[in-house]
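One structure is given below, encoded as C-alpha cells.
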Amino acid sequence: MNFGGLDLNLLVALDALFAEKSVSRAGVRLHLSQSATSGALARLREAFHDPLLVQVGRKMTLTPLAERLVEPVREFLLRAETILNGSPVFDPSTSTRKFRVQMSDYVQTVVMTEALPRLQSLAPGISLELVWNIEGISEPLERGEIDLAVTPASYLSPGHPSEPLFEDDFTCLIWSGNNRIKRDLSLETYLSLGHVVVRFGRLQQLPSFDEWFVERFGQQRRVEVVTTAFNLVPQLLIGTSRIATLHRRLATFYERYLPLRLIPPPIEIPRLEESMQWHKSRDRDPGTIWLRSVLKA
C-alpha cells in the first residue's frame, strides 16, 4: 500500500493534536518536546496540504479538513492497536500488559482493595493505572484511552458494550461521638443536621443522589461541607455533629478504622448499580475479558 511517504507514526501525533488543540499539551501527552511536536505538525501539514490547526485569537482551532479527519484517525489507531494486541490468548501468569481503568475513588476502595491481591497473585507482571475523570467516562472511552470503565449504570455511554459489576445501597454515617442522634433518625432531624456531600466537575454538579432527593422531597439538604472525593467524607465527619449519606460498602469499610457509626436513613433510597464498560474495539480482547472476570469475582 502506498501512503505517499507518510510516516504512520505521525498519525499518533495528529490524534493528540486533535484532542488537545495545543502543541504544548499534545507534546506532554506524547512525551515529546514542544519543538519535536511542532516538527511533527509541520510534516503533517505538508502531507495533507492543509494547516490542520490554526490560531484564532488565543486558541488553536481545527480546519474543516481536520474536523473531518478526527474520527477516521482515531478509528484507524484503535484498529491498529487491536491488530497489534490481538493475540487469541491472554496468559496472565506471563503477561506484562498495562491496563488503564477508570473508576471513582469509591470503587477503587471497595473493589480494588479486594481485587489487587488476587490480581498480583494471578498476574504478577501486569500493571494497572487507576484514573478518575470527574467529567465522566464519555471522552476517554470514545477515544479508546482506557481499557475499562466502572461507572453508575445511569452514566453509561451509548454505543459501547457493558455489564453490571455490583450493587450497593446507602446508609447515613456520623461520628461515634455525635450525641445529637441516638438510635432512630427522623426526616426532620436528618434535614436539620449539617451535611457533608460530594459534588463533581468544574461547576460542582449535583450527583445523582442529590438530584433524586430534591425531586422526591422538594427541598435541599443543609449542606455545610462540599468535597470532591468520597473517601474524604468519613474523615470530615470526625469531631462534628454533621451527617453524610454514603454508599454502604464504603461506609462499612471506614467504620472498621475510624470512630464512626452507621444509621439507617429515614427515607428509602434507590439502590446503586455500578457497571463495567469498554470500547467496542476491545469487546473480544482476551486481556480485557480476563480483567473483567477477575473484578466480578
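The values are calculated or read from the model by the stated rules, or taken from the named source; none is laboratory data. Just so it is clear, the structure is predicted and the values come from calculations on it, not from any experiment. A quick note on method: Cβ atoms are made from the backbone with ideal geometry, for glycine too, and the neighbour counts reach across all protein chains shown. Ligands, DNA and RNA are stripped out before the accessible areas are found, and what is left, the full protein with its side chains, is counted by its heavy atoms. Shrake-Rupley method; radii C 1.70, N 1.55, O 1.52, S 1.80 Å.
In this structure, is residue 228 modelled with pLDDT under 95, under 26 Å from the mean Cα position of the chain (by Cα) and open to solvent by 60 Å² or more (accessible area, probe 1.4 Å)?
Working: modelled with pLDDT under 95: yes; under 26 Å from the mean Cα position of the chain (by Cα): yes; open to solvent by 60 Å² or more (accessible area, probe 1.4 Å): yes.
Yes, satisfied.
Across the stretch 94-125, the number of residues qualifying as in contact with a helix residue (DSSP H, G or I) (Cβ under 9 Å, 6 or more places away or on another chain), over 22 Å from residue 168 (Cα atoms), at pLDDT below 95 and in a loop (DSSP other than H, G, I, E, B) comes to 2. Going by what's in this entry, would residue 262 be described as in contact with a Cys (Cβ under 8 Å, 6 or more places away or on another chain), open to solvent by less than 60 Å² (accessible area, probe 1.4 Å) and either closer than 30 Å to residue 217 by Cβ or part of a helix (DSSP H, G or I) (or both)? When the stated conditions are applied, residue 262 passes them.
When residues in the stretch 106-136 are screened for being open to solvent by less than 20 Å² (accessible area, probe 1.4 Å) and not hydrophobic (A, V, I, L, M, F, W, C), 2 of them pass.
Restricting to the stretch 229-251, and then to whatever is in contact with a strand residue (DSSP E or B) (Cβ under 7 Å, 6 or more places away or on another chain) and assigned to a helix (DSSP H, G or I), can you tell me which residue is nearest to residue 111 (Cα to Cα)? Only one residue tops the list, namely 249.
With 29, 25, 68, 43 as the choices, which residue is in a helix (DSSP H, G or I), of a type in the set (Lys, Arg), under 18 Å from residue 144 (Cα atoms) and without any contact (Cβ under 8 Å) to a residue 60 or more places away in the chain? It would help to see each step written out before you state the result.
Details: 25 fails: under 18 Å from residue 144 (Cα atoms); 68 fails: under 18 Å from residue 144 (Cα atoms); 43 fails: under 18 Å from residue 144 (Cα atoms).
None of the other options fit; the residue is 29.
Going by what's in this entry, would residue 284 be described as more than 19 Å from the chain's Cα centre (by Cα) and part of a loop (DSSP other than H, G, I, E, B)? The answer is yes for residue 284. Considering the stretch 138-182, the residues that are aliphatic (A, V, I, L, M), open to solvent by less than 10 Å² (accessible area, probe 1.4 Å) and assigned to a loop (DSSP other than H, G, I, E, B) include one that is farthest from residue 267 (Cα to Cα), namely 146.
Going by the structure shown, is residue 64 on the phi < 0 side of the Ramachandran plot and open to solvent by 90 Å² or more (accessible area, probe 1.4 Å)? Reasoning before the result, please.
On the way: on the phi < 0 side of the Ramachandran plot: yes; open to solvent by 90 Å² or more (accessible area, probe 1.4 Å): yes.
Judged against the criteria, residue 64 is a match.
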